[in-house]
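Worksheet: one structure, shown below.
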Amino acid sequence: MPERLIVVAPEPSDFHITREQFLAAMPYWEPHARLAGSVSDDDPVDANIQVDRPDEYFFQIFHFQNERMLSTDGNWEQAVEFAIWAVNSFPKQGDGELWLVDQAYTGHVVLTPGMPAEAFETTWVEHD
């Protein structure tokens, strides 16, 4: 499984999420979440939600300063939950697709509002 999964639109103008929108959607992850900021001024991440639920692996959700993508370092199940949260919380602006893609861009899932978790395994497209 990839180290990090990313929610991004292939056409950058189709997805834009401000830091304020990101923070406003944080209650979904509570009460097991806390907010953290960037590590340095050079860090492309300007905010991250750290999720530490009982009996689950700790994971994070990252918001980037360019306001064009979100990512997570969670396992596959956590990444699916993250992607469903993202597509339902932050709708795309254009006519293009919104993807959950691995860090190396070797494959993706097209995200649609209301999609079930079961669809992620069956709709994953390998980039050959």
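The values are calculated or read from the model by the stated rules, or taken from the named source; none is laboratory data. Computed from a prediction, not measured in an experiment: that's the story for all the values here. Don't worry about glycine lacking a Cβ; one is built from the backbone with ideal geometry, like all the others, and counts go over all protein chains shown. The accessibility values were calculated without ligands, DNA or RNA, using every heavy atom of the protein model including side chains. Shrake-Rupley method; radii C 1.70, N 1.55, O 1.52, S 1.80 Å.
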### Summary
Long-range amide H partners of L111, meaning residues 5 or more apart or on another chain whose placed amide H is closer than 5 Å, are L98, W99, L100
### Query
Per-residue accessible area for T18 at 1.4 Å probe radius, Å² rounded to 10?
30 Å²
## Note on the structure
The extension gain from D46 to E3, computed as 0.36 nm times the residue separation minus the Cα-Cα distance, is 13.5 nm
### Query
For the chain, what % of the accessible area comes from carbon and sulfur atoms, probe 1.4 Å?
51 percent
#### Entry: Residue-level accessible surface for H127, protein heavy atoms, 1.4 Å, Å²
70 Å²
### Task
Estimate the FRET efficiency between T122 and E77 by the formula 1/(1 + (r/R0)^6), using the beta-carbon distance for r and 25 Å for R0, to the nearest 0.05.
0.95
### Query
When only the heavy atoms of the protein chains count and the probe is 1.4 Å, how do R68, R34 rank by accessible area, highest first?
R34, R68
### Summary
Label model pair E56, R34: point-to-point distance (7 angstrom along the Cα→beta-carbon line) in nm is 1.8 nm
### Query
From the phi of every residue in segment 27-35, what ³J(HN,Hα) in whole Hz does the Karplus formula 6.51 cos²θ - 1.76 cosθ + 1.60 yield, where θ is phi - 60° and glycine or proline is x?
x, 3, 8, 6, x, 9, 9, 9, 8
## Note on the structure
Dividing the surface of the Cα convex hull of the chain by four yields a projected area in nm² of 8.0 nm²
### In range of the label at N66: residues from segment 13-29 whose backbone nitrogen is under 15 Å from the point 7 Å along Cα→Cβ
13-18
### Query
How many Å² of accessible area per residue for the chain, probe 1.4 Å?
54 Å²
## Note on the structure
Sequence order, segment 84-97: Karplus ³J(HN,Hα) from phi using 6.51 cos²θ - 1.76 cosθ + 1.60, θ = phi - 60°, Hz rounded, Gly and Pro as x, gives 5, 4, 5, 5, 8, 8, 10, x, 5, 9, x, 8, x, 8
